[in-house]
Amino acid sequence: MKALLELPFFYNLWRRGIARSDLNTVLVSTYARPANSQRVLDIGCGPAPILESLPRDVEYVGFDPNSAYIDSARARFGARGRFFRSTATREALADLGKFDVVMAIGVLHHLDDDEAGELFWMAHEALEPGGRLITFDGCYRDGQSRVARMLLDHDRGRHVRTQDEYLALAEGAFSSVSPHLREDLLRIPYTHVILECRKDEMGSGS
Ligand SMILES: C[S@@+](CC[C@H](N)C(=O)[O-])C[C@H]1O[C@@H](n2cnc3c(N)ncnc32)[C@H](O)[C@@H]1O
């Protein structure tokens, strides 16, 4: 099952089957909220399903190390974005300018603490002052449904955390982080945490 999800067709099928049909719309309209013509960086973009819900005139850049996902994103969305077959690194981002919104949707729980800490710093560096990073991941919480806990235990990502653990990593780089716990974004019992991390207007870190 986990190997099948590496293939864009099965990943998209699984995501459509399990997620609320308006998941991407909720992530964009409630949390990312890019204004017209803003620059959006998507770290771990996968087949770039978020583009279904982003305004057509944002300048979109996606990074993902999975070749099949990037090929699928290029085939489907072509000129709507630039897609890089690579993990996002500071070096890879250096020539791309600054972004108004950075997203890492379903990525942090694949990264160990050092890698996740680096993602937060890299996003901070890539953002314009006042810009925001939005992350979205499965999350443990006391008293959550046994179904949710079982699914989180068997996730492809080996680093599912509690809200406080995600927060502590984000606060290493960002002084302003707002967590949003959601249990209504899949068609099955599940817990997500969305972090909204704002770079201050002076551009300084935590
Ligand atoms: C659960 S998928 C999410 C894909 C997409 N963001 C979405 O919303 O459907 C996680 C993605 O993170 C990517 N990924 C894993 N480690 C990564 C890393 N170090 N840097 C960037 N992307 C990574 C994987 O290849 C995979 O496409």
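Readers should treat all values here as calculations from the given coordinates under stated rules, not as data from a laboratory. Fair warning: this is a prediction, and the values are worked out from it, not measured in the lab. As a convention, Cβ positions derive from the backbone with ideal geometry for all residues, glycine included, and neighbour counts pool all protein chains shown.
Side notes on the structure shown:
- The chain, relative contact order [Cα under 8 Å, separation at least 6], %: 19
- Antiparallel content of DSSP bridges confined to the chain, in %, to 5: 40
- Distance histogram for the chain (every C-alpha pair counted, 5 angstrom bins, percent rounded to whole numbers): 1, 7, 16, 21, 22, 18, 10, 4, 1, 0
- Student exercise, the stretch 4-198 dipole from Lys, Arg, Asp, Glu Cβ charges, in Debye to nearest 20: 780
- The chymotrypsin sites (Phe, Trp or Tyr not before Pro) of the stretch 78-144 include none that DSSP puts in a loop with a beta carbon having at most 14 other beta carbons within 10 Å.
- Charge dipole of the stretch 139-206 about the Cα centre (unit charges at C-beta), most positive-ward option of Val177, Ile188, His159: Ile188
- The calculated FRET efficiency for the pair Arg56 and Arg146, based on their C-beta separation and a Förster distance of 41 Å, comes to about 0.45.
- Spatial separation of Cα centroids for the stretch 77-112 and the stretch 1-73, in angstrom: 12
- Per-selection metrics, the stretch 31-109 (Cα): Rg and Dmax in Å: 11.5, 30
- Loop trypsin sites (Lys or Arg not before Pro), the stretch 1-107, which have at most 13 other Cβ atoms in a 10 Å radius of their Cβ (DSSP): Lys2, Arg20, Arg56
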